[in-house]
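Below is one structure, written out as structure tokens, with a few remarks after it.
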Amino acid sequence: MVKTVEDLARLVMKAAEEKKAENLLVLDIRNLSVIADYFMICHGNNERQVQAIVQEIRDQVLKNGFSVRGIEGLDEGRWVLVDLEDVVVHVFHREEREFYNLERLWKDAPVAAFAQEE
């Protein structure tokens, strides 16, 4: 079975949902940027939840044969960036998400069609 970038994005979304990530948003940035195909943005209510979300994403990605290029900010648990090459995941603490408001910066990016189905 060929695994696509969309498969990876769906997997990441489900892993985050498994750990009760809030306000999950998957943006399709293929026509706006060369850095990735999808941005996923979500948040947890405290540092432990943020770390648990990221660890579940990492575990599921590796378990399913994808690779993790890097994880930044995990120790602090305030804003964690997970680089999965074509999918970039931002897991915020609620306060940081409200402050940085990445959704505003990427307002021209449509929500991924498969994320609307879920």
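The values are calculated or read from the model by the stated rules, or taken from the named source; none is laboratory data. Keep in mind that this is a model prediction, so the values were computed, not measured. No Cβ is skipped: glycine too gets one built from the backbone with ideal geometry, and neighbour counts run over all protein chains shown. When the accessible area is computed, the model is the full protein with side chains, heavy atoms only, and any ligands, DNA or RNA have been set aside. Shrake-Rupley method; radii C 1.70, N 1.55, O 1.52, S 1.80 Å.
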Sort Ser33, Ser67 by heavy-atom solvent-accessible area, probe 1.4 angstrom, most to least.
Ser67, Ser33
Once the dipole of the chain is set up from charges on Cβ (+1 Lys and Arg, -1 Asp and Glu), the residue from the list Gln60, Tyr100, Ile71 lying farthest towards its positive end is Gln60
Is the shape of region 1-88 best called rounded, prolate or oblate, per the rule: a/c under 1.5 gives rounded, else a/b larger than b/c gives prolate, else oblate, with a ≥ b ≥ c the square roots of the Cα gyration tensor eigenvalues?
prolate
Within 11 Å, Cβ to Cβ, of Arg30, how many net charges do the neighbouring residues add up to if Lys/Arg are +1 and Asp/Glu are -1?
-4
Separation of alpha-carbon centers, region 1-25 and region 50-108, rounded to whole Å
11 Å
Select from Ala113, Leu11, Val88 the residue farthest towards the positive end of the dipole of the chain; place +1 on Cβ of Lys and Arg, -1 on Cβ of Asp and Glu, and compute about the Cα centre.
Leu11
Segments 88-95, 44-51 sorted - mean Cβ within 10 Å per residue, highest first:
88-95, 44-51
For Glu76, solvent-accessible area (1.4 Å; no DNA, RNA or ligand), Å²
120 Å²
Once phi is turned into ³J(HN,Hα) by the Karplus curve 6.51 cos²θ - 1.76 cosθ + 1.60 with θ = phi - 60°, what whole-Hz value does each residue of region 52-60 show in order, with x for glycine and proline?
5, 4, 5, 5, 5, 4, 4, 4, 5
Considering only protein heavy atoms, what is the solvent-accessible area of Trp79 at a probe of 1.4 Å, reported in Å² to the nearest 10?
90 Å²
For Lys19, counting only lysines whose alpha-carbon sits under 21 Å away and dropping same-chain residues fewer than eight positions off, the answer is Lys63
Value of relative contact order over the chain, rounded to a whole percent, pairs C-alpha under 8 Å and six or more apart:
28 percent
Would you compute the Debye intensity of region 47-91 from its alpha-carbon atoms alone, equal scatterers and no solvent, and pass along log10 I(q)/I(0) at q = 0.26 Å⁻¹ to two decimals?
-0.89
Pairwise Cα inverse-distance average, inverted: Kirkwood Rh of region 14-61 (Å):
11.4 Å
Per-residue HN-Hα couplings for region 110-115, Karplus 6.51 cos²θ - 1.76 cosθ + 1.60 at θ = phi - 60°, whole Hz, x for Gly and Pro?
x, 5, 4, 4, 5, 6
Gain in length, Phe99 to Asp86, computed as 0.36 nm per residue apart minus the alpha-carbon separation, to one decimal in nm?
2.1 nm
Per the helix-only calculation at 222 nm, which mean residue ellipticity applies to the chain, given -39500 (n - 2.57) for every DSSP H run of n ≥ 4 and division by its residues, nearest 500 deg cm²/dmol?
-11500 deg cm²/dmol
